[in-house]
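To start, the structure under review is shown below, and the notes come after it.
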Amino acid sequence: MKPTFLKRAFGIDKGWEYQSTKYVRGGMELHVEAKREDIRCPHCQATHIALRGSRERRIRSVPIGMKAVTIVAKVPRCQCRECFQYFDFSPLLPPGGDPTLIALNDLLSASAG
């Protein structure tokens with residue numbers, strides 16, 4: 001799948017690499033993985049990071065036609081080697097809040113202006 005399509009349709013941009021598409025239960029799953037070279041510590045902005053495992057994050061997205069779309073992101077668990085803080089690297093989701101509420105707030109402010 002082309003990176004421009006992922007960017008325009010789902011907002012998946014730099015920091016993520018497309019892995020595969022799977023068709024399950026009448027819908028589709030887009031599998032993406034974080035690029036190691038783009039990982040930075042959110043506390044001190046260091047790039048010297050140790051990976052401490054990962055988890056799968058399933059994010060429901062806008063449908064394509066009548067097919068449900070789920071973005072399956074492999075989110076690495078990291079530890080900064082400078083400040084020793086642990087964090088999950090997930091640039092798909094906005095920092096500091098519920099993504100649904102943030103998107104709703106953005107939509108309401110765009111329609112008001």
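The values are calculated or read from the model by the stated rules, or taken from the named source; none is laboratory data. From a predicted model like this one, the values you see are computed outputs, not experimental measurements. Heads up, the Cβs are rebuilt from the backbone with ideal geometry, glycines too, and the neighbour counts pull from every protein chain shown.
Of the set (1) modelled with pLDDT under 80; (2) at positive phi; (3) among the hydrophobic types (A, V, I, L, M, F, W, C), all apply to F84 but (1).
Residues are listed down the side, and each one gets a yes or a no for (1) outside any loop (DSSP other than H, G, I, E, B); (2) closer than 21 Å to C83 by Cα; (3) not small (G, A, S):
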position: K22; (1), (2), (3): yes, no, yes
position: E29; (1), (2), (3): yes, no, yes
position: E33; (1), (2), (3): yes, no, yes
position: R40; (1), (2), (3): no, yes, yes
position: A50; (1), (2), (3): yes, yes, no
position: V69; (1), (2), (3): yes, no, yes
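Checked against (1) touching a residue at least 40 places away in the same chain (Cβ under 8 Å); (2) over 24 Å from C78 (Cβ atoms); (3) surrounded by fewer than 16 Cβ atoms within 10 Å (Cβ to Cβ), P42 passes all but a single condition, namely (2). Residues that are within 16 Å of S90 (Cα to Cα) and in contact with a helix residue (DSSP H, G or I) (Cβ under 8 Å, 6 or more places away or on another chain) do not occur anywhere in the range 37-45.
Exactly one residue among A110, A46 is of a type in the set (A, V, I, L, M), modelled with pLDDT of 85 or more and not in a strand (DSSP E or B), and that residue is A46. Scanning the range 11-38 for residues that are touching a Phe, Trp or Tyr at 6+ places or on another chain (Cβ under 6 Å) and either closer than 19 Å to V62 by Cα or modelled with pLDDT of 85 or more (or both) yields a single hit, V32.
For the condition at negative phi, exposed (fewer than 12 other Cβ atoms within 10 Å of the Cβ), at pLDDT 70 or above and not in a helix (DSSP H, G or I), R77 does not qualify.
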